[in-house]
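The values are calculated or read from the model by the stated rules, or taken from the named source; none is laboratory data. Since the structure is predicted, the reported quantities are computational estimates derived from the model, not experimental observations. Cβ coordinates were reconstructed from backbone atoms using ideal geometry, including for glycine residues, and neighbour counts include every protein chain displayed.
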Amino acid sequence: MALRMWASSTANALRISCASKPHLSLAFSFSRCFSTVLDGLKYSSSHEWVKHDGSVATIGITDHAQDHLGEVVFVELPEPGGSATQGKGFGAVESVKATSDVNSPISGEIVEVNSKLSEAPGLINSSSYEEGWMIKVKPSSPSELESLMGSKEYAKFCEEEDASH
């Protein structure tokens, strides 16, 4: 409760609001206004992130996406050895609100899946960029990363998308 009061007074002092969603509770508004976007990652317009590290890229859904989904209760992942295609679905996330396809931001061979998610799908909510990653891919076209958004572009994209809803 103290955090909410602090967040509310800080938001008021900074004149930050979620005017597009005035009917939402303070707790929900707080998380919606302050979704985490990390530097050093690439982002797709369908709200997946990619961390390219050497010959492998780790992929998951963004904090913004998990916030929209609500509590994640089930994750469907592909088998290792399969392939991912940029812009095409590779799995799904089921939440208390809806089931959503997860699209791959890049193409390549799926070399690993996060098997922890079958037992603990809530890791996507609690740790979307760390423990909640979904697949690791060996990119077939590393240049596809250039078509994705950086952190500042993605933060602006989310802000504009939320304002239009």
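Scan segment 61-79 and tell me whether some residue there is among the polar types (S, T, N, Q) and in a strand (DSSP E or B). Don't jump to the end; show me each part of the working.
Quick first cut of segment 61-79, residues among the polar types (S, T, N, Q) only: 62, 66.
Those still in the list that are in a strand (DSSP E or B) too: none.
No: zero hits.
Within segment 129-146, is there a residue that is surrounded by 14 or more Cβ atoms within 10 Å (Cβ to Cβ), in contact with a helix residue (DSSP H, G or I) (Cβ under 6 Å, 6 or more places away or on another chain) and hydrophobic (A, V, I, L, M, F, W, C)?
No - not one qualifying residue is present in segment 129-146.
Per-residue answers, yes or no, for (1) within 12 Å of the chain's Cα centre (by Cα); (2) closer than 27 Å to Lys152 by Cα; (3) at pLDDT 95 or above:
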{"residue": "Leu38", "(1), (2), (3)": "yes, yes, no"}
{"residue": "Gly60", "(1), (2), (3)": "yes, yes, yes"}
{"residue": "Leu69", "(1), (2), (3)": "yes, yes, no"}
{"residue": "Ala120", "(1), (2), (3)": "no, no, yes"}
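Quick one: which of Val50, Val73, Val56 is hydrophobic (A, V, I, L, M, F, W, C), out of contact with any Ser or Thr (no Cβ under 8 Å at 6 or more places or on another chain) and at pLDDT 90 or above?
Details: Val50 fails: out of contact with any Ser or Thr (no Cβ under 8 Å at 6 or more places or on another chain); Val73 fails: out of contact with any Ser or Thr (no Cβ under 8 Å at 6 or more places or on another chain).
Checking each option against the conditions leaves just Val56.
Among the residues of segment 122-165, count how many are part of a loop (DSSP other than H, G, I, E, B), closer than 18 Å to Ala57 by Cβ and either over 14 Å from the mean Cα position of the chain (by Cα) or in contact (Cβ under 8 Å) with a residue 60 or more places away in the chain (or both).
Step one: filter segment 122-165 for residues part of a loop (DSSP other than H, G, I, E, B), giving 122, 127-134, 140-141, 148, 150, 164-165.
With the extra rule that they be closer than 18 Å to Ala57 by Cβ, the set shrinks to 128-134, 140-141, 148, 150.
Still in the running and either over 14 Å from the mean Cα position of the chain (by Cα) or in contact (Cβ under 8 Å) with a residue 60 or more places away in the chain (or both): 128-129, 132-134, 140-141, 148, 150.
Residues in segment 122-165 being part of a loop (DSSP other than H, G, I, E, B), closer than 18 Å to Ala57 by Cβ and either over 14 Å from the mean Cα position of the chain (by Cα) or in contact (Cβ under 8 Å) with a residue 60 or more places away in the chain (or both): 9 in total.
Out of all the residues in segment 80-100, which are crowded, with 19+ Cβ neighbours inside 10 Å and assigned to a loop (DSSP other than H, G, I, E, B)?
Selection gives nothing.
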